[in-house]
Amino acid sequence: MSTNTVNATQAHAESMFDAVLARLDVAAKLMNLSEEVLQVLRNPSKQVKVSLPIMMDNGKIQVFEGYRTVHSTHLGPSKGGIRYAMDVNADEVMALAAWMSFKCAVANLPYGGAKGGIKCDPRAMSVGELERLSRAYAVSMKDIFGVNRDIPAPDMGTSGREMAWILDEFNKINGEDSPGVITGKPIAIGGSLGRDAATGRGVMVNTLAALKKMNLKANEVTCIVQGFGNVGSHAARLLSEKGIKIVGIGDHTASFYNEKGIDIQAALDFAAKNNRVLKGFTGATEIKSSELLTSKCDVLVPAALQNVITEENAGKIQAKLIVEGANGPTAPEADAILNDKKIICVPDILANSGGVTVSYFEWVQNKAGYYWTEEEVNTKHDLKMEIAFEAVWNNATQFKTGMRIAAYITALQKIEQGVKLKGAY
Ligand code: NAD
């Protein structure tokens, strides 16, 4: 089981995109993917970099770097978020775009993959500056974005507010209302019910599916969730509603452990009144942040940052199951260690695909001009997640590999058909 993962991790990852390629190559070899298809997928199909001069509140012009990478469009229009952060760069955007191709394919969505971003510190900018920057970005990407071309969504540092500005600018340029050009919108302008909790909900569905395979019952297991933002807080709430005892939670301000179980509603109420952070929560013992991931539990849900499970701490992890709420929380070097310890890892491209799945539902509703109830959204979401989990689990068994490489294989089996059927010049 571990051999394939070891190969994946031995390829030294010099960049985020190299880490994607290392795993892609291992999956491709194992499933015997044709060399031509592999070459197509090793190269993003389109990369755009723009300069955005913005008039700042102090009357001076500041130039920002904006990016959009379309990795593939073989299964449909490309889909992927827009990130506002200081570490946005071409390599990171390329890696995240490729991940979106694989994530959409694993989740059985008719999409390729893309990602965009602006190198900026949104917390250091005024609302007016952010609005001008978002509108300038929308104008610069007018020929990339399109309802049936490339469909962005929020990512780190952006939310429904930025999506609304970008949609408005796109609509002005085109002279018509096209809500389906962007997802993650506020409900009032065409967003979908259930989108907010969707990624956490997908983590919950994947956790329950994995526990079933492991012959474990929800009410017999304990869980630690790192991150208490969109993904982590909804995942912790939904997992606890299913009877799983949440013994550890943490965010960038503090981490907590209580072997008797943490009252998640109390933690949510506390965070809601405390600027959305956990510092000062009294429902559990505060522990060092570095101890959270390695504390005793059956299920570990990293739902905050990338590269938090590393060569250094992977050997100390006590969980039997890891469900990756965040993108890229496990460094490639840690994969082999987890595999040797027989820890099952539901990888990011499967575990957190609930968000893009409900984004897809939002796009479908926008195209139809007909809106579903939250219950309809959740029922359709859960079914799609269960099907995706089963396909990856079956490939892990068939190809005698871990779930990460199996998820890549599941995606590649679909994308390969798209590449071959659409052909080339
Ligand atoms: P968020 O900004 O809402 O929350 C992030 C959380 O991580 C916060 O609680 C923050 O305090 C915590 N955090 C930050 N630094 C930390 C640290 N050093 N130690 C512990 N906790 C820390 O972000 P989110 O939307 O919940 O995204 C979390 C992860 O999930 C990211 O990797 C993101 O790419 C991924 N993801 C999000 C979605 C989505 O729909 N929101 C979908 C797919 C993947």
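Structure notes:
- Segment 44-178, dipole about Cα centre (Lys/Arg Cβ +1, Asp/Glu Cβ -1), debye to the nearest 20: 220
- In the chain, helices alone account for a calculated mean residue ellipticity at 222 nm of -14500 deg cm²/dmol, with every DSSP H run of four or more residues adding -39,500 (n - 2.57).
- Among residues other than Arg404 with Cβ under 15 Å from its Cβ, the summed charge is 0 (Lys and Arg +1, Asp and Glu -1).
- Segment 198-351, relative contact order in percent, only Cα pairs under 8 angstrom and at least six apart counted: 22
- Per residue accessible area of the chain, 1.4 Å probe, in Å²: 42
- Approximate spin-label separation Gln413-Ser34, in nm, with each point projected 7 Å along Cα-to-Cβ: 1.8
- In angstrom, the C-alpha Rg and Dmax of segment 267-425 are 19.0, 63.
- To put it simply, the accessible area of segment 44-178 at a 1.4 Å probe is 51 percent carbon and sulfur.
- Spatial offset of segment 221-248 relative to segment 80-152 amounts to 28 Å, using the alpha carbon center of each.
- Projected over all directions and averaged, the alpha-carbon convex hull of the chain occupies 20.2 nm².
- Loop-located GluC sites (Glu not before Pro) in segment 206-283 (DSSP state other than H, G, I, E, B) with a sparse environment of at most 14 neighbouring Cβ atoms within 10 Å: Glu259.
- Burial ranking of peptide ranges 43-55, 172-184 (average Cβ count within 10 Å, highest at the top): 172-184, 43-55
- Chymotrypsin sites (Phe, Trp or Tyr not before Pro) within segment 363-419: DSSP coil, no more than 10 neighbouring Cβ in 10 Å: Tyr370
- Percent antiparallel among DSSP beta bridges (both partners in the chain, rounded to 5): 45
- The mean sequence separation of alpha-carbon pairs under 8 Å and at least six residues apart, normalised by the residue count of the chain, gives a relative contact order of 17 percent.
- Only protein atoms count toward the accessible area here, which uses a 1.4 Å probe; on segment 198-351, the carbon and sulfur part of that area reaches 48 percent.
- FRET efficiency for Asn258 and Glu376, using Cβ-Cβ distance with R0 set to 41 Å, rounded to 0.05: 0.65
The values are calculated or read from the model by the stated rules, or taken from the named source; none is laboratory data. Owing to the predicted nature of the structure, the values given are computational and were not obtained by experimental measurement. Cβ atoms come from the backbone with ideal geometry, glycine included; neighbour counts cover every protein chain shown. These area figures cover heavy atoms from the full protein model, side chains too; ligands, DNA and RNA do not enter into them. Shrake-Rupley method; radii C 1.70, N 1.55, O 1.52, S 1.80 Å.
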